[in-house]
1. For His58 and Glu27, what is the calculated FRET efficiency with R₀ set at 30 Å and r taken between the beta-carbons, to the nearest 0.05?
2. Residues with beta-carbon under 13 Å from that of Val3, excluding Val3: net charge, scoring Lys, Arg +1 and Asp, Glu -1?
3. Give me a comma-separated list of calculated 3J(HN,Hα) values for the stretch 9-17, in order, Karplus coefficients 6.51, -1.76, 1.60 applied at θ = phi - 60°, integers in Hz, x for any Gly or Pro.
4. From the P(r) of the stretch 2-63, can you give the percent of Cα pairs sitting at distances over 20 Å?
Amino acid sequence: MLVQARPEYLAAVQAAIQGIAGAEIAECDAYGKLVVVLDSSGRQSIRESLTQISLMPHVLSATLVSHGADAD
């Protein structure tokens, strides 16, 4: 997932994302761009996590870029 946050609130957005079960920030830059990896093997679905991040204060956009599923 690609997330664009207001740069001046980047630390707050990072902390909020890190509070989501299964979310990991893979990359981040000083301009407020984050690459977030979501693991939906827990209680929360990818769609729910995407919605939760999209609605966070200071998040300008959140876009799912790729989705894959393990064949178990």
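What follows is calculated from the coordinates using simple rules that are stated; it is not laboratory data. Since the model is a prediction, treat every value here as computed from it, not as a measurement. Quick reminder, even Gly has a Cβ in these numbers, built from the backbone with ideal geometry, and neighbours come from all protein chains shown.
1. 0.95
2. So the environment of Val3 carries a net charge of -1.
3. 10, 4, 4, 5, 5, 4, 4, 5, 5
4. On the way: 268 of 1891 pairs.
Result: 14 percent of Cα pairs exceed 20 Å.
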